[in-house]
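What follows is a short report on a single structure.
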Amino acid sequence: MKISYESTRGGEHNVTASQAILKGLACDGGLFMPDQIPMLDVTMKELAGKTYQETAYEVMKLFLTDFTEEELKACIAGAYDSKFDTETIVPLVKAEGAYYLELFHGNTIAFKDMALSILPYLMTTAARKNQVDKEIVILTATSGDTGKAAMAGFADVPGTRIIVFYPKDGVSEIQKLQMVTQKGDNTAVVALHSNFDDAQTGVKQLFADKGFEKELAEKGFQFSSANSINIGRLVPQVVYYVYAYAKLLNNEEIADGEKINITVPTGNFGNILAAYLAKQMGVPIDRLICASNDNKVLYDFFSTGVYDKKREFLLTISPSMDILISSNLERLIYLSTGCDAGKTAGLMEDLTGKGEYKADEDMRQRMTDFLGGFATQDEDKAAIRKLYENTGYVVDTHTGVAAAVYEKYRKETGDRAKTVIASTASPYKFSRSVVEAIEGTCMSQDEFEVIDRLRRISGVDIPRAVEEIRTAPVRHTRECDASDMKKTVKEILGL
Ligand SMILES: *Cc1c(COP(=O)(O)O)cnc(C)c1O
């Protein structure tokens, strides 16, 4: 069965998977969606014994139908190899009655690695398939984790360049160090004097700038996106939810067909949307619990049907969730309208023009699989501390939000369904906040003393990604204002 892709805003149809991956964003500003969501063609029982790589093939072949078996298997083998520090790729850890799906065992110790390890392979394969003769410039806005993971994936990949914008004061010290020490002659990192939403909006504007596109093409460049709007990010993320269910089955933690819940610490809505696609493909999943931090725009949306971005942007200890414009929600909106692109485009215009939009009753009926929850910064810290005190298991500040929200959900509803919590970053990535949560204070000014302290608390080895930046030289010092992003891109590309 051939799947083709179309824009959520109606401006593009019949796009192949490889073309959608190359383009990133559709030309009308919409996101690419498959024209149907394929059903798994193997049973969960059959998947139970499969490796991560085998599972990845079973899932991805259904979406990326213009890739040959050989091409796709090569992409998977290149991506999910020994750069992950565990053979299972995504371990499931049981603690306090929930299953933590650890998505942080890749290059940059955050879940973004799950998709960004494979995206460069998908993209270069797609370029070959489509006879692209230009250099691909990956332009990325990051709230801290995407940028590093994308650079790790694309560093020194022939035929590609990557430019990353991050909010100067909106990322953790480790996140910043990871980015400014990035190696690779084709990488560039820019600290933006603004927040993530401005970075993301700026990047979207550059993508939509037709004149700039032409100018770039004349110089032999073509933009693409490694942000979670790219379908090549979304599809690989579906894999680990299928894999998690199969592993629970294999370990006899659940019966065949037993429904589970999934809780995801959410920002741009990519990760939880992947869980929703897994459900649509036939994985027995009941509720999808969308956990927000103090920037609880999604919680308010699922509670009231109104998406309202007109509010103060708060910086929290879970910075990768500090987002007011949740890009991938557009895909759920599209699905909830029954794939009505005109209606979706109208709502997105409302968001740009009026700063808000409202989902009608029909749409809300189609979204009842989702439940919004939020945890304040104090609740996040309390959840990290409690989990540690009760079990010795240490989670990061994003996963802490999910743990707190899950706990509230269980208390409020009495729902005892087995629950998988997406664990999106290693606690080492947010060492200071995690140590503060567990011990009440964190006196040391030195980032690496804090890391050593966390080593003693958690008993977990310090990941290679952190050891590496202890001594790595700073290679990127560029900064710019949000209004100068285009100029900065030109400078970097030598235009
Ligand atoms: C990106 C990120 C999130 C949010 O994921 P979305 O797919 O944007 O919702 C949560 N936690 C961490 C650690 C992240 O890096």
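Where a number appears in this text, it was derived from the coordinates with a stated rule and is not lab data. Keep in mind it's a predicted model, so treat the numbers as computed, not measured. For neighbour counting, all protein chains shown are included, and Cβ atoms are generated from backbone atoms with ideal geometry for every residue, glycine included.
Within the chain, which is the longest segment containing none of the trypsin sites (Lys or Arg not before Pro) that sit in a DSSP loop and have at most 10 other Cβ atoms within 10 Å? Don't skip to the answer; put the middle values down first.
Working: sites that count: LYS2, LYS310, ARG416.
Maximal segment without exposed cleavage sites: 3-309.
Between ASN250 and GLU312, how many nm apart are label points set 7 Å from Cα along the C-beta direction?
So the two model labels end up 4.8 nm from each other.
Would you work out which of GLN178, LEU22, ASN390 lies farthest towards the positive end of the dipole of the chain, given +1 charges on the beta-carbon of Lys and Arg and -1 on that of Asp and Glu, about the Cα centre?
In the chain, that residue is LEU22.
Taking each full run of DSSP H in the chain as one helix, which ones are at least 27 Å long along their axis (Cα atoms) and have mean Kyte-Doolittle hydropathy of at least -1.0?
Helix filter hits for the chain: 231-250.
Report the net charge of residues surrounding GLY97, where surrounding means a beta-carbon distance below 13 angstrom and charges are Lys +1, Arg +1, Asp -1, Glu -1. Each step should come with its number before you reach the end.
On the way: positive: LYS94, LYS386, ARG410, LYS411, ARG416, LYS418; negative: GLU96, GLU253, GLU407, ASP415.
My count for the surroundings of GLY97 gives +2.
Could you tell me which of rounded, prolate or oblate describes the chain, using a ≥ b ≥ c as the square roots of the eigenvalues of the alpha-carbon gyration tensor, with rounded for a/c under 1.5 and, failing that, prolate when a/b is larger than b/c and oblate otherwise?
rounded
Along the charge dipole of region 85-130, which of ALA98, LEU119, THR86 sits closest to the positive end, that is, farthest toward it, with unit charges on the beta carbon of Lys, Arg, Asp and Glu (+1, +1, -1, -1)?
So the residue furthest toward the plus end is LEU119.
Mind listing the long-range amide H neighbours of LEU25? Cut-off is under 5 Å, sequence gap 5 or more, other chains count too, H placed in the peptide plane at 1.01 Å from N.
SER225
Give me the net charge of ASN390's neighbourhood, meaning all other residues with Cβ under 14 Å from the Cβ of ASN390; Lys, Arg count +1, Asp, Glu -1. Don't jump to the answer; show the numbers that get you there.
Working: positive: LYS94, ARG385, LYS386; negative: GLU96, GLU389, GLU407.
Spelling it out: positives minus negatives among the neighbours equals 0.
Using only the Cα atoms of region 184-235, build the gyration tensor, take square roots of its eigenvalues as a ≥ b ≥ c, and label the shape rounded, prolate or oblate: rounded if a/c is under 1.5, else prolate if a/b is larger than b/c, else oblate.
Rounded is the answer for region 184-235, as its axis ratio a/c remains below 1.5.
With just the Cα atoms defining each centre, how far is region 1-37 from region 399-443? Give it in Å.
Computed from Cα coordinates, the inter-centre distance equals 35 Å.
What is the Å³ per residue value for the convex hull set by the Cα atoms of region 94-178?
Value for region 94-178: 112 Å³ per residue.
Only Lys, Arg, Asp and Glu count, each charged at its Cβ (+1, +1, -1, -1), so figure out the dipole size of the chain about its Cα centre, rounded to 20 debye. All intermediate terms of the calculation are to be shown ahead of the outcome.
Details: 57 positive and 71 negative charges, 51 e Å.
Around 240 debye, computed over the chain.
Between region 250-306 and region 448-495, what's the alpha-carbon centroid distance in Å?
That distance is 30 Å.
Which part of region 260-276 falls in the paramagnetic zone of VAL460, meaning amide N under 19 Å from the point 7 Å along Cα-to-beta-carbon?
So the set is 263-266.
Between GLU54 and GLU69, how many nm apart are label points set 7 Å from Cα along the C-beta direction?
Output for this residue pair reads 1.5 nm.
Grab the other residues whose beta carbon is less than 13 angstrom from that of THR187, score K and R as +1, D and E as -1, and report the net.
My count for the surroundings of THR187 gives +3.
Run the helix sum for the chain: -39,500 (n - 2.57) per DSSP H stretch of 4+ residues, divided by residue count, reported at 222 nm to the nearest 500 deg cm²/dmol.
Working: 22 runs with 225 residues, N = 495.
Mean residue ellipticity, 222 nm, calculated: -13500 deg cm²/dmol.
Which lysines have a Cα lying under 21 Å from the Cα of LYS411, excluding residues fewer than 8 positions away in the same chain?
Candidates past the 8-residue exclusion: LYS94, LYS259, LYS296, LYS381, LYS386.
In whole angstrom, note down how far apart the Cα centers of region 73-89 and region 367-389 are.
Taking the Cα centre of each part, region 73-89 and region 367-389 sit 31 Å apart.
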